[in-house]
Amino acid sequence: MPIRSPSPSSFRPKTGVDQSVLENNRELLADIGRRNILRGSLSLGALAMLTGCDVTSDSAVQSVLRRVSSFNDRFQEFMFRPNHLAPTYSEAEVVKPPRFNAYYDVNDVAPVDGATWKLELAGRIADKAPWTVQRFMQLPEQEWIIRHICVEGWDYIGQWSGVNLRTFLETVGADLKAKYVAFKCADDYSGSIDMATALHAQTILATKYARQPITDPYGFPLRLRTATKLGFKNPKWITAIEVTNTYPGGYWEDRGFNWFAGL
């Protein structure tokens, strides 16, 4: 069948779509595709119809895509079920060692010295005294065998042990009605999650993998593990936790990825 020329449309730019604009916004477009908004499809043409913008304008595309991404975040937050548990798996399915992932190459990992490491606390927390590795290890542990899903498309089943994040926040007198829990890391990574996810039963501050202390390059001595978020929402080498009502963003979120990033 011969290819027909597109029919005229008031929504189609007369000069065509500047491919460089699409290239510059590839991360945002891919992210929207990955999240599959409302389990439907959303094309750039549909975005133009919704907003009346000129898709040849880079600033207009950025504005529209970020508005759609923000809507996606709000919808996912609305749909989140705080008492619903993610699937768990058997020890026989655990991948050993876990897969390394970061915004840099594994050869660039800078190990953390456990003898001098301290966890700093900030924001809406009553007891902001820093925590050492020894003090942290005295807290009760729980274990979850859950699937780690990366935004890039790969996944693996991991066995994580550590302190339930809700238990830790209660221990330090955090405001559990605040909106966000933010994390800073030794490798300059940062991230944040909503309070509902922080209080979820399967969200822990992990110190062990397959019942052995976490080693490098996997985030020693402390990393977040939540069963309800994509992998980039699980920061490693955590050095500070803040409870806040001010949106804290994150390394990838500040570069256009969806903030909520739920599964």
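Overview of results
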quantity	calculated
Scope the range 153-162; condition within 16 Å of residue 207 (Cα to Cα) and either among the hydroxyl-bearing types (Ser, Thr, Tyr) or surrounded by fewer than 21 Cβ atoms within 10 Å (Cβ to Cβ) (or both); matching residues	161
Output for the range 92-113, where each listed residue is among the polar types (S, T, N, Q) and closer than 16 Å to residue 234 by Cβ	101
Elements of type helices (runs of 4 or more DSSP H) contained in the range 92-203, each with 1 or more residues being within 18 Å of the chain's Cα centre (by Cα) and not small (Gly, Ala, Ser)	165-171, 195-198
Checking residue 217 against (1) within 30 Å of residue 107 (Cα to Cα); (2) assigned to a loop (DSSP other than H, G, I, E, B); (3) open to solvent by less than 10 Å² (accessible area, probe 1.4 Å); (4) touching a residue at least 40 places away in the same chain (Cβ under 8 Å), the condition it does not meet	(3)
Residue list for the range 196-214, filter: surrounded by fewer than 21 Cβ atoms within 10 Å (Cβ to Cβ) and either more than 18 Å from residue 99 (Cα to Cα) or hydroxyl-bearing (Ser, Thr, Tyr) (or both)	196, 199, 201, 202
All positions within the range 232-261 that are modelled with pLDDT under 95, surrounded by 21 or more Cβ atoms within 10 Å (Cβ to Cβ) and not in a loop (DSSP other than H, G, I, E, B)	253
Residue list for the range 102-128, restricted to those being open to solvent by less than 90 Å² (accessible area, probe 1.4 Å) and touching an Asp or Glu at 6+ places or on another chain (Cβ under 8 Å)	102, 104, 109, 110, 112, 121, 122, 123, 125
Odd one out for residue 97, checked against (1) surrounded by fewer than 16 Cβ atoms within 10 Å (Cβ to Cβ); (2) within 27 Å of residue 248 (Cα to Cα)	(2)
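The values are calculated or read from the model by the stated rules, or taken from the named source; none is laboratory data. All values derive from a computational prediction rather than experimental measurement. When we count neighbours, we look across all protein chains shown, and the Cβ atoms used for this are built from the backbone with ideal geometry, even at glycine. Note: areas computed on protein heavy atoms with side chains; ligands, DNA, RNA excluded. Shrake-Rupley method; radii C 1.70, N 1.55, O 1.52, S 1.80 Å.
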